[in-house]
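Derivation of every value follows stated rules applied to the coordinates shown; laboratory data play no part. Please read these numbers as outputs of a predicted model, since none were measured by experiment. Every residue, glycine as well, gets a Cβ built from its backbone with ideal geometry; the counts of neighbours run over all protein chains shown.
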Amino acid sequence: MKELLIMDIRKKHSNLIPNEIQGTLRGDCLIRIEVDTSSPMYEEIQRANHYVRKELKDVFFFGWNYKRIYTEEELRNARLFKMSVRKYFEPCGRDCGTVYDTSHVCEICKSGERQVSPLYTRKGSYLNNRDVASTISYEIVVRKRFVEFVKDYSLQGLSFGPVYVGKRLSSDIFQLMIQGCELDFSERSVFGVRPFDYSERCTSGPKPFNGEVYKCPKGDNLGFNLLSEAFVKDCDDIEKYDFFISRQTIGVYRGLINQRHILFCSPRMRRLILENKIRGFDFEIANVV
Ligand SMILES: [Zn+2]
């Protein structure tokens, strides 16, 4: 596996980018770079970030993303894949009348709220040219085509709920319910706010962010973001189902953008999604340990 960290670095700090890295201008103020996390340049970037934050009291980079490239053999041998949804849209279900029960949420990190009504959403172009999309609140909608695909291939572990578009029950859009077989993250998974920042809570900045708990002492929410590949604990269920969610969540509770579970699927489900040209999911290998 080759892991690249893609970062949008502020142009005013471009003198700190190693000469070997060729960046591309993004607008007037940012330079996008890609750095191999196993290269010495990665350590230079880490040092530059530390210097800008600690000495200059400034921000070194804004956007970031990891790109992981696998060999054919690694893909062939994988037992599990992490799935992510490429397209996010607004408004979220809560803004359109979807009801949540918050009576059992964790008193520290507020994770654990439950959707207790059908998903209500608005008309939009979010499913144009794709079969899956997610609201910014991690409510996932799929086209009927995906529901039929799951039935046709008897994929195990997925369930779907009704979706109202406005007041009308949709016959083409369904909700992919985030429930089913749960997998535990292993300690090898690395969580943090952003690359090089492994904060477990917010200790500065304005309210309401200051004081937010990212790593809950109760173990239900593990961090703001998953920074490494996913590592999950082995269990018999991995061979029995095609779709899984992480038992623990990541993220933070902010009313609309809340904690979310990570999605996983079997190698068979990934292969069938690719073969049947189901559009809108991205995959990475999830390590079973
Ligand atoms: Zn908690």
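Within the stretch 144-157, the set of residues being within 21 Å of the chain's Cα centre (by Cα) and surrounded by 20 or more Cβ atoms within 10 Å (Cβ to Cβ) comprises just one member, Phe146. Across the stretch 34-80, the number of residues qualifying as part of a helix (DSSP H, G or I) and touching an Asp or Glu at 6+ places or on another chain (Cβ under 7 Å) comes to 3.
When residues in the stretch 76-105 are screened for being of a type outside the set (Val, Ile, Thr) and within 16 Å of the ligand (Cβ to nearest atom), 2 of them pass. All told, Asn15 meets the bar of being among the polar types (S, T, N, Q) and in a helix (DSSP H, G or I). If you filter the stretch 106-143 down to residues that are surrounded by 21 or more Cβ atoms within 10 Å (Cβ to Cβ) and without any contact (Cβ under 8 Å) to a residue 40 or more places away in the chain, you find that the one that is farthest from the ligand (Cβ to nearest atom) is Val142.
Could you say whether any residue in the stretch 223-231 is within 16 Å of the ligand (Cβ to nearest atom) and farther than 22 Å from Met177 by Cβ? For the stretch 223-231, residues within 16 Å of the ligand (Cβ to nearest atom) and farther than 22 Å from Met177 by Cβ: present. When Phe196, Phe209 are checked against the criterion of being crowded, with 17+ Cβ neighbours inside 10 Å and either more than 16 Å from the ligand (Cβ to nearest atom) or over 19 Å from the mean Cα position of the chain (by Cα) (or both), a single residue qualifies: Phe196. Of all residues in the stretch 245-289, those being crowded, with 17+ Cβ neighbours inside 10 Å, in a loop (DSSP other than H, G, I, E, B) and within 16 Å of the chain's Cα centre (by Cα) number 7.
Of all residues in the stretch 92-105, exactly one satisfies the criterion of being in contact with a Lys or Arg (Cβ under 6 Å, 6 or more places away or on another chain) and surrounded by 14 or more Cβ atoms within 10 Å (Cβ to Cβ), namely Cys96.
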